[in-house]
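Structure, as structure tokens:
Where a number appears in this text, it was derived from the coordinates with a stated rule and is not lab data. Keep in mind that this is a model prediction, so the values were computed, not measured. All Cβ positions, even for glycine, are placed from backbone atoms using ideal geometry, and neighbour counts span all protein chains on display.
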Amino acid sequence: MLRVASVPASHVYVRHLSDPRGRDGVSRLPDPAPADGRTVPGGWWPPMMLEPGWVSDNHALFDVFHVHFGFDAIDADVLTAVMQELKSQHKPLVYTVHDLRNPHHRDPEAHILQQDVLIAAADTLITLTPGAAQEIRRRWDKDATVLPHPHVLGRQHIEARRPPTDRFVVGVHVKSLRANMDPVPVLESLTEITAKLPGAELSIDIHDEVFSPDSHWFSPKIGDTVRDFARHDHVRVTEHPYFSDDELWDYLSSLSASVLPYRFGTHSGWLEACYDLGTAVIAPTCGFYNQQRPCHQFTFTEHEFDETSLRVAVESLHAEWLSGVDPPRSTWHQRRTERQMLAAAHRHIYERVSA
């Protein structure tokens, strides 16, 4: 049995890298619980495995160290110390490059420094799309194995019938207005676009913590701007706490199309969930979303927004909706087969770096 210290282990991406039949011969250590109880849903924040000393104290428990997420707030010099511990204990490092640009950081510099450390130390790199692999090659002169994102939802939701509707619902969830989001110009355009389409409505969701002065995400000016879109008869604005998983799946299933208002980014678990549920996605041209799963695109980057491309994407999906054409959707057979492939591929990588 190959023992892997994954950072983190409880994230859905990592959990779905294992063989669904348990035949991959890989055991992943559970996430160590923080002593002061600081966690997020899933229980993996902050990642104790990336604290100096953890590797030295626990090196006998694992064969391979695999980093995915969770190093956002860790200084590059601290990461360097952890990498040195791995080297001194002769433990190989695998790093999956999910984000070439951290969606939570307006300034990319910290993430660049963190990745400089991780990529230099890694025995093997993995990423999700050919475009990301090409960018890794260009920036760091290292190759990355391309492996797709596993399913996000379980079989029950993937095989469930979508709820019937007579409305073409375009959804934008602005969440808590994280750094890579710029929803207002997108919402202004979508309000105009959907007003002209028969049976169309615009659904806007926002986390209520945006309006709480005690919240880190307090942003009343933009929040009030989002609220104001409700003055249009065909626009619905909903404020609510974070969805539970089931609430999120119900929300995504209620949409005909989900528009991602990201100025920068790389890959998306949200896109994967929509693919599992049969909800169309209109993704920005930043990042490599269109290489990840089938989706429509509109031109949206830190420096450019082309409203015409957004209009074309929405009108195209609306025409398909009127014609009864369903968006691409995963099947459980496809996802299960893909997951078996991912488990075998990761097992092979772990064996190779451990040799």
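Worth a mention:
- Residues whose placed amide H lies under 5 Å from that of S27, excluding near-sequence neighbours: L2, R3, V4
- Cβ crowding within 10 Å, taken as a proxy for footprinting-reagent exposure, orders E239, E109 from fewest neighbours to most as E109, E239.
- Mean residue ellipticity (222 nm) of the chain, computed from DSSP H runs ≥ 4 via -39,500 (n - 2.57), nearest 500: -11000 deg cm²/dmol
- Here K91 is the anchor, and the lysines within straight C-alpha reach of less than 30 Å, apart from those fewer than 8 places off in the same chain, are K142.
- Span from the region 128-204 Cα centroid across to the region 73-94 one, whole angstrom: 34 Å
- Across region 244-355, C-alpha contacts under 8 Å between residues 6 or more apart give a mean separation that, scaled by the residue count, equals a relative contact order of 21 percent.
- Paired Rg and Dmax values of the chain, which use every Cα atom, in angstrom: 21.1, 65
- Reach of K87 by Cα under 13 Å, taken over aspartates and glutamates that are not fewer than 8 positions away in the same chain: D63, D123
- Distance distribution P(r), region 155-322, all Cα-Cα pairs, bin width 10 angstrom from 0: 10, 40, 40, 10, 0 percent.
- Most mobile listed residue (R311, R339, R21) in the chain, GNM with C-alpha springs under 10 Å: R21
- Antiparallel bridges, percent of DSSP beta bridges restricted to region 196-355 (to nearest 5): 10 percent
- Proximal lysines to K175, defined as alpha-carbon separation beneath 24 angstrom and excluding residues fewer than eight positions away on the same chain: K221
- Of all DSSP bridge pairs formed entirely within the chain, close to 5 percent run antiparallel.
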